[in-house]
Structure formats: structure tokens, C-alpha cells
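K.L.:
This structure is in C-alpha cells; I'll ask about it shortly.
Just so you know, all these numbers are worked out from the coordinates, no wet-lab data involved. Quick caveat, the model's predicted, so the values are computed rather than measured. Note: ideal-geometry Cβ built from the backbone for every residue, glycine included; neighbour counts use all protein chains shown.
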Amino acid sequence: MWPSVSILCVLVAFANARSIPYYPPLSSDLVNHINKLNTTWKAGHNFHNTDMSYVKKLCGTFLGGPKLPERMVTPPPPWAALVHSVGRSIIEGDQ
């Protein structure tokens, strides 16, 4: 039983396999392929004569790079609840 199921899975995998075209990044062929797909946006040439290392730097963050400062949250003072409840009672009493 298992060998026949395995063979069936392999055949299904080969039947669904298709070649995916490879286009060099930033090439006219890639732009044309994307535009032929009729998506909701159009691809264009934005980086003329640009080094690929520069484009890769634009795609993410630096590992181990500068970090944002951590935000310190302090708990409210104990009398803040009293002030809040007094203020609420004054507001509700006016209505």
C-alpha cells in the first residue's frame, strides 16, 4: 500500500512541477513579465545603472545595527485613581 501511495505522490509532484522563468533583477525582461501579468500596478525602471549591492542595502535593516531607545513606562502614582474617581463623580453629578 505505502509504495503505491509514494509513487502516486511523486507522480503528482512531477505533474504539478513547472518551470519558473528566471529574469535578472532590474532587467527589462522582468519589468515586461510583471506588466504582462496585468496586476493592479505597473512595473517600471527605477534604478538605472545602479549597483545591485546598493539596491540590496535598501531592502532591509542592518543586523546588529543601531537600535531604537527603549521606552520606559512608569506606573501611575497611587493617588491618580483617587483623582480620577473624584473627577468622574463631578462630571456625572453635573448631568
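K.L.:
So, in nm, how far is label residue 39 from label residue 9 when the simple model puts each one 7 Å beyond its Cα toward the Cβ?
P.N.:
3.3
K.L.:
About the Cα centre of the chain, what is the dipole size in debye to 20, counting +1 per Lys and Arg Cβ and -1 per Asp and Glu Cβ, all else neutral?
P.N.:
Here the size comes out at about 340 debye.
K.L.:
Please give the FRET efficiency for residue 46 paired with residue 68, using the beta carbon to beta carbon distance and R0 = 22 Å, rounded to the nearest 0.05.
P.N.:
For residue 46 and residue 68, the calculated efficiency is 0.20.
K.L.:
With unit charges on the beta carbons (Lys and Arg positive, Asp and Glu negative) and the dipole taken about the Cα centre of the chain, which residue among 22, 45, 59 sits farthest to the positive side?
P.N.:
22
K.L.:
What is the order of 7, 20, 34, fewest Cβ neighbours within 10 Å to most?
P.N.:
Listed from fewest to most nearby Cβ atoms, that is 20, 7, 34.
K.L.:
Give a residue-ordered list of calculated ³J(HN,Hα) values for region 5-14 (Karplus: 6.51 cos²θ - 1.76 cosθ + 1.60, θ = phi - 60°; whole Hz; x for Gly, Pro).
P.N.:
Karplus-based 3J(HN,Hα) across region 5-14 equals 5, 4, 5, 4, 5, 5, 5, 5, 5, 5 Hz.
K.L.:
Here's something else I'd like to know. Mind jotting down a quarter of the surface of the convex hull over the alpha carbons of the chain, in square nanometres, one decimal?
P.N.:
Over all viewing directions, the chain projects a mean Cα-hull area of 19.5 nm².
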